[in-house]
Amino acid sequence: MSSSDPSNRDTAELAVELSSRLADAVDRAALDILPDDVLGQLYGTLTRFYAARALSGPAPRPFARNSGITATDVMINCTAQLDSVGLNVFELGQWQAWTRIGDLRADYAARMPKGDAR
């Protein structure tokens with residue numbers, strides 16, 4: 001399927017709508033709008049999708065600009081993900097030493113506009 005395929009556009013529009021609704025729910029502290037099992041299914045699917053993209057070529061940015069993601073948000077998510085599959089931070093360090101898959105530093109440097117301080 002090409003990126004101009006109508007089903008791809010529909011999926012992208014649905015993702016944007018879901019992202020907007022969930023961001024609004026966080027702002028309103030309405031954190032019960034998704035049951036835990038639904039949140040887990042969505043999170044797992046997004047994790048698998050992102051990993052598949054990273055395995056198929058340069059990894060995309062994990063967060064859009066101005067997404068509001070904080071270092072605390074990342075630490076909470078990384079801890080939960082590692083715990084859920086029985087990995088330790090040491091094993092993540094080993095993975096990073098053995099492979100460049102998912103390593104955005106080199107790719108970001110090549111794509112980053114001059115003067116972008118990140």
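A short reminder: the numbers here are calculations on the coordinates, not readings from a lab. Keep in mind that this is a model prediction, so the values were computed, not measured. Counting neighbours? That spans all protein chains shown, and the Cβs are built from the backbone with ideal geometry, glycine included.
Numerical summary
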quantity	calculated
Leu87 paired with Gln41, simple spin-label distance in nm, labels 7 Å along Cα-to-beta-carbon	2.5 nm
Mean Cβ neighbour count within 10 Å, used as a protection proxy, ranking 60-71, 34-45 highest first	34-45, 60-71
Pairwise label distance in nanometres, Val26 with Ser7, each label 7 Å out on the Cα-Cβ vector	3.0 nm
Extension gain (nm, one decimal) between Leu18 and Ile101, 0.36 nm per residue minus Cα-Cα	27.1 nm
Whole-Hz ³J(HN,Hα) from phi, Karplus 6.51 cos²θ - 1.76 cosθ + 1.60, for segment 22-33, glycine and proline x	5, 4, 5, 4, 5, 4, 8, 6, 9, 7, 9, 6
Neighbour net charge for Leu14 - beta-carbon separation under 15 angstrom, K R +1, D E -1	-2
